Structures are given as structure tokens and as C-alpha cells.
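Following: one structure in C-alpha cells, then a few remarks.
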Amino acid sequence: MMSGTVVDSGSPTAAVPDELSGQILDEDEDFEVFCKDSTFTDGGSLNASMQTSPGSMVNQYKFEEEEEQPDTKDIFVTVDNPESHVTAIETFITYRVLTKTTRSEFDSSEYEVRRRYQDFFWLKSKLEEAHPTLIVHPLPEKFVMKGMVERFNNDFIETRKRALHKFLNRIAEHPILSCSEDFKIFLTAQAWELASHKKQGPGLLSRMGDTVRAVAASVRGVRNRPEEFNDIQDYVESFSQKMTSLDKITQRIIREKKEYLEELRECGPTYTLWSGSEEELVEPLKQMAGCLDRCCRETEEQVQQLGNNLLPILHEYVLCTETLKAVLRRRDNIQAEFEAKNEALATKRTDTEAMKEEIDKLEDKLEFANNTLKGDWGRWKKSMRADLRAAFINTAEKNVEHYEKCLAVWESFLLSQRTEANEGDDGDRDDS
């Protein structure tokens, strides 16, 4: 029986100790790029009396979804409280997974378990195995970077935690994947129970057989793919190119802004130092230094916003395109196997009755695969468009806010200098 624990969702997140940087990393705990969620923006509707500044317009813009859907979610998952574990051969992180649900198939309404990255990877693999033509949300990237242990810090853990939280909630929101028995076990089983369940999977020979059949099907290819799946493939290829390009450009923009920020930080002290040798320009020089320091802080916030909000969602959908390509390949493999059986039957190379029965099963499997992919494709596109739109609006708001603040800094400087100049002119006229 699965073990459930009453959850205190308000518990603070444990910090990962700095001593981690001296340990050898487990291959499950490496580096990924994306992490943080974008949020919708709320505000009042546009009206005739509103202010005309760009910031005011954006702040009053209201994001509306294409279609309002009733909230039917009945599983709520939180990933938090990362903890480090050090053994003789590895160092790894586990995350607390808190679940609250009203579903009757669960023995309790609340659960608390701890999971490591490889457990999330196992869940994704099981879902893809059971539902080959459903779109399972991608996990953060997994690759080993030896010699980069110093980057295994709190920022990295926070990044991965957010990505894993998003992964589980995408599954919880899915009408089919959320009903998976593997998902239930992942959320409710204690560590030893989960380890036991993992051992119950298909054996090595069975997995090798599936792999051989998939390779053979991919080599044969499909002869008569339905046009709608050709359209999906074309869309995914085009979308992949656009997202990859935007991802790279955004990374470059962030890198260049960081370089600009470093140079900007050097300006303030230079003006301050200069003010010590220019008696007539002391105040203007000091004010210039203050303005540059304030602009530095605003620019730093802008860089953080791009790195924490826009870049993660762009890279997330770069990974999604790879998931979509894999789903389309799995669908094609099913069709290729169906076509191969039909060809074998036509040449009467095998037992006819047994082959007909197998073909009927494959035909049903292909029809089911096509229908599930078509349904999930529409669902994925709607979610993707909402995510990207929200990220773009959030970025626009933050950019307007950044430039308005910097503009206000320099306008205040101009005002002060003009006031001093006018006062100086009045003093000269009085003396004359």
C-alpha cells in the first residue's frame, strides 16, 4: 500500500550547502538551461482617460486567453525543498514532491515523497512507453560536465526545481497522462516502493525487441502518411527553426547586455574620481556618477528578467520540438509496421489467418495512435501559444519599465542642471 503523509506546504525551502562544490557529481545532476515560469499579466481595460505613456498602456493591458475553460484540475503538485545526499561514490539532490488531490482512486488526499532526477526521468520514459503518441512535456536537459562542479550551486538547484515542478504540473493537467498508474505511484510511493516498482518493468530482451522493431520500421519508412501528419511535421520543422534561432539570439543579447553592464559599472567611479580635480564641476560629475549607478541597477534587473523569464520559455519549446519529432517518429513506426504486415499478407509469405488477425490489431493500434496524436496536438498548440504570448507580454512590460526608469533618471539630471544654470544666470545679472 502506498504511503501518504499530510503536507505542510508552507515549509521553507532548504538551502543546498556550499560544501557541495567539493563533491563529485552524479550523472543525474547536471546542467540545463531553462527553469522559470512566465506569468500572465492582469490589469484594467483600455479607456479614453488613460495616461499616454508606453508604460501606462502596457500596465493596463489585459491578457485574455483564446477560450475560457472551466478549472477542472483535481491534482495539485509542488516540487520544493531540495536536499543534498552524499555517499561514497556520488553526490545527488532529492526534491520534496507534495501532492494534494480529490481523486477517489488515491487512498489519501495528501502525500509527501522525495524524488531525485532519475526518478523524474523514469516517469517520463514510462509515460512515453505507455502513450507513444501523446506529447509528454520535456525534462530539463541532462548532460555531464566534469570539472564544472563549482556551478553545482543554489542557483542551479533552484533552476532544476522549477523545471521539475513545471514538468509534473503539465502531467497533472493532462486528461490522460494524469490518470496513469505510473504517475500515481511516482506521487505516492516511498523510495523503496518506487525502487521495487521500477524492477517490474519489461526485461532486457523485450526492450531490445522493441528497439529492433522501431529501427526496422524507421528504415522502411511510411509510404502513405496522412496529409494532416505531413502538415504537422512541416509545422514542427518550421517552429523548431524559429525557436532555435530566437533561443540563440536571446542568449547573445543577454551576453552582450552583461558585457555592457560591466563597462557601465566602470563609468560611475570614473566620474567620482574626476570630481575630485574639478572644483567647478563637482556636483554635475557626482550626479552623473549617481545616475550611472542607478542605470546599472536597472540594467541588471533587465538582464535578470531576460534570463529568468524569456530565455527559459524559449529554450523549453526548443526541447518541446524534439519531443514532437520523437512522437511523430513513433506514429510513423506504427504505420510502417502495419504496412509491412499488409505487404507480407499480399505476398502470402506467412500464415494468412494469423496474419489477418495481427493486421486487424495493428490497424486498431494505428487508428488509436492517429486519434490521440491529433487530439493532443491541438491541446499542445493552445498551451504553447498561451505560454509564449504571456512571456512576450511580460518581457514587453519589463522592458518598458526599464526604459522609463532610466529615462526618469536622466530627466532628473537635466532638470537639476538647468535649474542650476538658471540660478547662475540670475546671480550674474544681480552682480552686474
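For this structure, a couple of remarks:
- Filtered trypsin sites (Lys or Arg not before Pro), region 330-400: DSSP coil and at most 11 other beta carbons within 10 Å: LYS348, ARG349
- Computed over region 71-200: relative contact order in percent, which uses C-alpha pairs under 8 Å that are six or more apart: 27
- Rounded, prolate or oblate (a/c below 1.5 giving rounded, otherwise prolate when a/b exceeds b/c) for region 71-200 by Cα gyration tensor: prolate
- Per residue accessible area of region 336-389, 1.4 Å probe, in Å²: 60
- For the pair GLU129 and GLU278, the difference between a 0.36 nm per residue extended length and the Cα-Cα distance amounts to 46.2 nm.
- Kirkwood's formula applied to the C-alpha pairs of region 210-421 gives a hydrodynamic radius of 22.4 angstrom.
- Split the accessible area of region 210-421 by element, probe 1.4 Å, and carbon with sulfur accounts for 53%.
- Cβ-placed point charges (K, R +1; D, E -1), dipole of region 71-200 about Cα centre in debye, nearest 20: 320
The values are calculated or read from the model by the stated rules, or taken from the named source; none is laboratory data. Keep in mind that this is a model prediction, so the values were computed, not measured. All Cβ positions, even for glycine, are placed from backbone atoms using ideal geometry, and neighbour counts span all protein chains on display. Quick note on the areas: whole protein, heavy atoms, side chains included, nothing else; ligands and nucleic acids left out. Shrake-Rupley method; radii C 1.70, N 1.55, O 1.52, S 1.80 Å.
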